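Here is the structure we will look at, set down as structure tokens.
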Protein chains: 2
Amino acid sequence: MIAVDWGGSSLRVYRLDAGGAVVDRRRGEEGALACAGRYGKVLAAMIAGWDDPLVVLAGMVGARGGWIEVPYVRCPADADALAAGMLRLDASREAPGFGYRQFWCVPGIADRTSTTGDVMRGEETQIAGLLDALGGGTHTVCLPGTHSKWVQVRDGTITSLATAMTGELYALLRTHSILARGMAEGEPPLDEPAFDAGLACSDGGGSLLHDLFAVRTASLFGRFPAQVLPSFLSGMLIGHEVQFALAGLSTPVHLVGGDGLVGRYAHALRRRGVAVHRHPEELAAAGMFRLARARGLA
Amino acid sequence: MIAVDWGGSSLRVYRLDAGGAVVDRRRGEEGALACAGRYGKVLAAMIAGWDDPLVVLAGMVGARGGWIEVPYVRCPADADALAAGMLRLDASREAPGFGYRQFWCVPGIADRTSTTGDVMRGEETQIAGLLDALGGGTHTVCLPGTHSKWVQVRDGTITSLATAMTGELYALLRTHSILARGMAEGEPPLDEPAFDAGLACSDGGGSLLHDLFAVRTASLFGRFPAQVLPSFLSGMLIGHEVQFALAGLSTPVHLVGGDGLVGRYAHALRRRGVAVHRHPEELAAAGMFRLARARGLA
């Protein structure tokens, strides 16, 4: 089968063998938000040469305004509930060679246990890929990103989730705010001392709205040079996220994602005495395979 | 004399009589950050017809990269310390009729009592204008804005200050973030129930990074219509600012600024049982007059 992880700003496709192992992979730059009206064409180009009849999609491609809107499944939700929420998409006329394929899209998960509620779409496949390895008991999974997700899993069931807008805020402040003025352009490599100083800013449990201004004063007072200020800001935001997210959650924390960002979170967590387990973002493919089997497709 | 309150994105000029009372006022749209190389010309147009020989300036016009860089005075700082830090600016050749005038620029204040430190530039004139009314004892002054300032005053001396980037974050999130997607365009009037719901989000003392996502879910779940989401976001940010800023500060709180924004802060503070006193932003003119007298200019 083919697993398609189609987020708001990225597109990753995986080819899996009959046992669910990834045998090939490709990356695209066209996020689901930019593909309205041409999803079929973009996907056909990405999976050219792969003749597998089953295609499972996940991510913003299944959001309102996406290729197909797949309603959220409410938590508590296990793999069977997610599989039952999958919707079949008729894409037979969208590209040559699509006629013999079946397209299925995975639902996101909504947590309506609080007044505000919370949602995720796409990350649920990574959790699904992790469930068997987690086994019984209560587990905390963190998926860092533009919108980081902190997910509680109990005995194979997703029981709650919370989003932190850390990555998006970093990008906004990095490019559009007064804090950007003192910073070097581009994305310089991580500077560990500046990142640690940023983490330390959150130790007092104070206000992020206030702490952020320390990036400005660090520039004014010459505390850090321009090229390490992004690391200082990153540490401050991740430190704030981690400090608040940990309240009430079990440890260790399972981190899922790419090396760079997960490395920053692992460092922030270990600094607070929290053990971590790291897992690759390719879990999404394993999760889609698991859901396809639960649905009786694979 | 003429008092010039020249911030990063606004320009206000006041004409004062010999007793310091405001007899005329004008507003311009050209902030100090946009006037590099033509400060004299812009100011000449703003004060055309006013022949007063003394011109006192304050705000970002005196920052690094401004018309003249006036070094920060460190707190604790009283009116005499601020007056002593004023610098004279030679603007005689910048515009016709400038030759007979004296131009002086007020310094900002730096708080270096913490590792990160803090600064303000412009707001110190409003505090200076308030000092006599405050009298002895310990007082908390809040100046809401793009960068809100929370200032502690003891017996006529500014002892500490803290910045919250609330207004800037509101503008960033309102226009550039995923939260903007569900919002109506423009700046609709304040919706009190939505603003109160935003304030309530901060009651738990949780993470702003998480709470902000409630604006997204409120849109997804249809909790609020698009035109009241800006009020919900505003309440959330001001609620977070107020909750953290109050820690360790004396009450009541003196609020300085324009009616609309000060009204929101007054509501947020009263909701927490904190009494407020409101003061107009025109205090800046009174403060510049007071500093000019302390310096022996007026």
| task | Provide the FRET efficiency to the nearest 0.05 for the B:Asp259-A:Ala34 pair, computing r from the beta carbons and using R0 = 45 Å. | result | 0.60
| Charge-dipole axis of the stretch A:2-134 as Lys and Arg at +1 and Asp and Glu at -1 on Cβ define it, positive-most pick from A:Gly66, A:Leu82, A:Gly7 | A:Gly66
| message | Restricting to DSSP loop positions (anything but H, G, I, E, B) with no more than 16 other Cβ atoms inside 10 Å of their own Cβ, which trypsin sites (Lys or Arg not before Pro) remain in the stretch B:11-77? | response | B:Arg38, B:Arg64
| said: Modelling each spin label as a point 7 Å along the Cα-to-Cβ direction, I'd like the B:Arg293/A:Thr157 distance in nm, to one decimal. | reply: 7.3 nm
| field | FRET efficiency estimate (nearest 0.05) - Cβ-Cβ, B:Leu190 to B:Asp51, R0 56 angstrom | value | 0.85
| request: Quantify how strongly other chains surround peptide A:213-220 by giving the mean number of their Cβ atoms within 10 Å of each of its Cβ atoms. | output: 6
| field | In range of the label at A:Thr138: residues from the stretch A:250-281 whose backbone nitrogen is under 20 Å from the point 7 Å along Cα→Cβ | value | A:250-255, A:273-277
| request: Return the calculated 222 nm mean residue ellipticity for the protein assembly as shown, to the nearest 500 deg cm²/dmol, obtained by summing -39500 (n - 2.57) across DSSP H runs with n ≥ 4 and dividing by the residue count. | output: -10000 deg cm²/dmol
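Under unit Cβ charges (Lys, Arg +1; Asp, Glu -1), what dipole magnitude, rounded to 20 debye, does the stretch A:134-195 have relative to its Cα centre?
Using only the charged Cβ atoms, the result is roughly 240 debye.
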| request: Let me have the relative contact order for the stretch A:251-298, percent, based on Cα pairs under 8 Å that are six or more residues apart. | output: 40 percent
| remark: Karplus-derived 3J(HN,Hα) from phi for the stretch B:111-121 (6.51 cos²θ - 1.76 cosθ + 1.60, θ = phi - 60°), whole Hz, x at Gly and Pro, runs 9, 10, 7, 10, 4, 7, x, 7, 9, 9, 8
| With r defined as the distance between the Cβ atoms of A:Ala226 and B:Glu69 and R0 fixed at 22 Å, what FRET efficiency is calculated, to the nearest 0.05? | 0.75
| Longest to shortest principal axis, alpha-carbon extents of the stretch A:2-134, angstrom | 46, 34, 24
| said: Just to confirm my numbers, what's the Cα centroid distance between the stretch A:206-243 and the stretch B:44-88 in Å? | reply: 29 Å
| Selected from B:Ala133, B:Tyr100, B:Ser231, residue furthest toward positive end of dipole (chain B; charges at beta carbon) | B:Tyr100
| log10 of Debye I(q)/I(0), alpha-carbon scatterers only, for the protein assembly as shown at 0.08, 0.09, 0.12 Å⁻¹ | -0.64, -0.77, -1.15
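How about the stretch B:110-165: which trypsin sites (Lys or Arg not before Pro) there lie in a loop by DSSP and see at most 13 other Cβ atoms within 10 Å? List each step's numbers first, then the result.
Numbers: sites: B:Arg112, B:Arg121, B:Lys149, B:Arg154; in loops: B:Arg112, B:Arg121.
Here no loop site has a sparse enough neighbourhood.
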| Running Debye on the stretch A:168-287 with equal point scatterers at the Cα sites and no solvent, what base-10 log of I(q)/I(0) appears at q = 0.09, 0.13, 0.17 Å⁻¹? | -0.26, -0.53, -0.86
| said: I'd like the Kirkwood hydrodynamic radius of chain B, using the inverse of the mean 1/r over distinct C-alpha pairs, in Å. | reply: 20.2 Å
| field | Once exposed loop GluC sites (Glu not before Pro) are cut out (DSSP; at most 14 other Cβ, 10 Å), longest piece of chain B | value | B:70-184
| Mean-position separation - Cα centroids, the stretch B:138-182 and the stretch A:1-17, in angstrom | 43 Å
| Any idea what the dipole of the stretch B:166-279 comes to, in debye rounded to 20, about its Cα centre with Lys/Arg Cβ at +1 and Asp/Glu Cβ at -1? | 140 debye
| said: Suppose each label sits 7 Å from its Cα in the direction of the beta carbon; what would the B:Thr113-A:Asp24 distance come out to in nanometres? | reply: 6.7 nm
| message | What does the charge count around B:Ser177 come to, taking other residues whose C-beta lies under 12 Å from its C-beta (Lys +1, Arg +1, Asp -1, Glu -1)? | response | +2
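About its Cα centre, how strong a charge dipole does the protein assembly as shown have in debye, to the nearest 20, once Lys and Arg get +1 and Asp and Glu get -1 at the Cβ? Mind dumping the intermediate values first?
Values: 56 positive and 60 negative charges, 49 e Å.
It comes to approximately 240 debye.
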| task | List the chymotrypsin sites (Phe, Trp or Tyr not before Pro) within the stretch A:1-100 that fall in a DSSP loop (any state other than H, G, I, E or B) and whose Cβ has at most 12 other Cβ atoms within 10 Å. | result | A:Tyr100
| query | With a 10 Å Cβ neighbour count serving as the proxy for reagent exposure, in which order, fewest first, do A:Phe221, A:Phe103 appear? | reply | A:Phe221, A:Phe103
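Every number here is computed from the coordinates shown, using simple stated rules; none is lab data. Predicted model, so just to flag it, every value in this text is computed and none were measured. With ideal geometry, Cβ positions are generated from the backbone for all residues, glycine too; neighbour counts draw on all protein chains shown.
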